[in-house]
Amino acid sequence: IYGAGSVPIVAVEEPEAHLHPAASRALWKAISDMPGQKLVATHSGDLLARVPLANVRRFCHDGTAIAVRQLQAGTLDKDDARKMALHVKATRGELLFARSWLLVEGATEVWVFEGIADLLGIDLEREGVRIVQYAQVMPDPFIRLADDLGIGWFCFADGDQDGQKYRKAAVDLLSGRSEADRVRTLPEATIEIHLCNAGFGTVYEDEVAIQKKPSITSKPGDPNYWTQVVAATPKRGKEARAIKVVEEMTKRGPGSAPPFLKGVLDAVVQIARGPTNGP
């Protein structure tokens, strides 16, 4: 006998099974419209992308037992919550299944790190590592969300003024963790200059337009030379140049991978292999 006001508890396991991705994305509305409390277990990024972040419960191993993690009230303000929700939808929710996030500024870093990982035989998917761009959002909302959900993270930034701003945002959220284990900034202003110093400068030299060559006043070997070369390349096409660098790196073999960038990948993989990470 049920009392007045009783509502059901509905438990559904992997409701997305055998559904087209478009149907999986539409499934959440049907589930949310059902009366009562709903408990849904899923491995679908498409379905998860439609679920409000506050409703997500992430099961993960904390080293001794299974922990249930969730976004805590007050972790994200209204604007950051909106941005995170949009980012989750854009990635089809798959980043919430990752064991660790490599937080990078933009698409150039994504291409370079994915290329180096392939070159070195590092299977990022198998390791549970997702590369996440943060330049349009700042890294701190991602870090706060990751800490609440038990997802490891490593923040990578350029060495320029913006990069130092991103570094500080990440360092402020270390909560006793080592900066060396979680945050790294390039010794150069940008990753393009770093790649030039690592032996891939010809890719950028070949992209300098004739009318821009007079702006390069330094000579090869001068500390400012690669900075001027990169500045003389077109603003558009940064990703294409990154792909060319990866192709050249692949031709030369694993030994050509810049040690600094390889160290970043090694660090984030170690985080992914460890227990649940949090403050």
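Leaving out ligands and nucleic acids, note down the accessible area per residue over the chain with a 1.4 angstrom probe, in whole Å².
For the chain, the solvent-accessible area averages 53 Å² per residue.
Calculate the dipole size of segment 1-103 relative to its Cα centre from +1 charges on Lys and Arg beta carbons and -1 charges on Asp and Glu beta carbons; express the result in debye to the nearest 20. It would help to have the intermediate numbers written out before the result.
Details: 13 positive and 10 negative charges, 41 e Å.
Around 200 debye, computed over segment 1-103.
Please compare each pair in LYS83/LYS235; LYS213/LYS238; LYS213/LYS235; LYS212/LYS235 to a cut-off of 21 Å on the Cα-Cα distance and tell me which ones are over it.
Over 21 Å Cα-Cα: LYS83/LYS235.
Gap in Å between the Cα centre of segment 168-228 and the Cα centre of segment 52-72?
38 Å
Working from Cα positions, state the angle (0 to 90°, nearest 10) between the long axis of helix 21-32 and the longest principal axis of the chain.
Helix 21-32 and the main axis of the chain meet at about 40 degrees.
Could you work out the relative contact order of segment 133-279, using alpha carbon pairs under 8 angstrom and six or more residues apart, expressed as a whole percent?
Across segment 133-279, relative contact order equals 28 percent.
Leaving out ligands, DNA and RNA, and with a 1.4 Å probe, what % of the accessible surface on the chain is carbon or sulfur?
53 percent
Hey, got a sec? Which trypsin sites (Lys or Arg not before Pro) in segment 1-55 land in a DSSP loop and have at most 10 other Cβ atoms within 10 Å?
Of the trypsin sites (Lys or Arg not before Pro), not one in the loops of segment 1-55 has a Cβ with at most 10 other Cβ atoms within 10 Å.
Where a ≥ b ≥ c are the square roots of the eigenvalues of the C-alpha gyration tensor, would you call segment 131-254 rounded, which needs a/c under 1.5, or, failing that, prolate if a/b is larger than b/c, or oblate?
Verdict is prolate for segment 131-254.
What shape does segment 81-132 have by the C-alpha gyration tensor, where a ≥ b ≥ c are the square roots of the eigenvalues, rounded means a/c under 1.5, and otherwise prolate means a/b greater than b/c and oblate the rest?
Cα axes put segment 81-132 in the oblate bin.
Top to bottom by accessible area (1.4 Å), largest first, where do GLU105, GLU247 land?
GLU247, GLU105
By how many degrees, 0 to 90 and rounded to 10, does the Cα axis of helix 139-149 deviate from the longest principal axis of the chain?
Value to nearest ten degrees: 40.
Post the alpha-carbon centroid distance, segment 1-38 to segment 144-165, in whole angstrom.
Distance between centres, Cα-based: 35 Å.
Using Cα pairs under 8 angstrom and six or more residues apart, how large is the relative contact order of the chain, in percent?
19 percent
List the trypsin sites (Lys or Arg not before Pro) in segment 204-271 that DSSP assigns to loop (not H, G, I, E or B) and whose Cβ has at most 16 other Cβ atoms within 10 Å. Which are they? Don't jump to the answer; show the numbers that get you there.
On the way: sites: LYS212, LYS235, ARG236, LYS238, ARG241, LYS244, LYS251, ARG252, LYS262; in loops: LYS235, ARG236.
The qualifying sites are LYS235, ARG236.
The values are calculated or read from the model by the stated rules, or taken from the named source; none is laboratory data. Just so we're clear, the structure is a prediction, and the values are computed from it rather than from any experiment. FYI the Cβ positions are ideal-geometry reconstructions off the backbone, even for glycines, and counts take in every protein chain you see. Note: areas computed on protein heavy atoms with side chains; ligands, DNA, RNA excluded. Shrake-Rupley method; radii C 1.70, N 1.55, O 1.52, S 1.80 Å.
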